[in-house]
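Engineer: Sharing a structure below in C-alpha cells format, with a few things to ask.
Here, each number is a calculation from the coordinates, and none is a lab measurement. Computed from a predicted structure; not experimentally measured. Positions of Cβ are generated from backbone atoms using ideal geometry, with glycine treated the same way; all protein chains shown enter the neighbour counts.
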Amino acid sequence: MRLSYIVNAISLMMMYISLVLLLPVLAAVITKDLNSVMPFISAAVLSAGLGYLMRELV
C-alpha cells in the first residue's frame, strides 16, 4: 500500500479526533469547571494542526 494513502487516512482520523476532543470543553463550560478547558483545547489544536501538516507534507 502506498505511504501517501496511509498518511492521508491517519491525518483525517487526527482531524476528526480533534473535533471529539472539543466535546469535554463544552461539558466543562456548562458545569463551570474552567480549569480543565485549556488542556482539551490545546490537545484539539495540536491534533488538528498535526493532521493538517501531515496532509500537506505528503
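Engineer: For the pair Val20 and Met38, how long in nm is the line joining their label points, each one 7 Å along Cα→Cβ?
Structural biologist: 2.6
Engineer: Cut-off 12 Å, label point 7 angstrom out along Cα-to-Cβ of Tyr52: give me the residues of region 1-33 whose amide nitrogen falls inside.
Structural biologist: Once the point is set 7 Å along Cα→Cβ of Tyr52, 15 turn out to lie under 12 Å by backbone N, inside region 1-33.
Engineer: Give me the angle, in degrees from 0 to 90, between the Cα long axis of helix 37-57 and the longest principal axis of the Cα atoms of the chain, rounded to the nearest 10.
Structural biologist: In the chain, helix 37-57 runs at an angle near 10 degrees to the longest axis.
Engineer: What's the local net charge at Ala9, with K and R +1, D and E -1, over the other residues with C-beta under 13 Å away?
Structural biologist: Summing Lys and Arg as +1 and Asp and Glu as -1 gives +2.
Engineer: The chain: D in µm²/s via Stokes-Einstein (Kirkwood Rh, Cα pairs, 10 °C, 1.306 mPa s)?
Structural biologist: In µm²/s, the coefficient is 131.
Engineer: Counting pairs of alpha carbon atoms under 8 Å apart in space and at least six apart in sequence, what relative contact order in percent does region 3-57 give?
Structural biologist: Here the relative contact order equals 51 percent.
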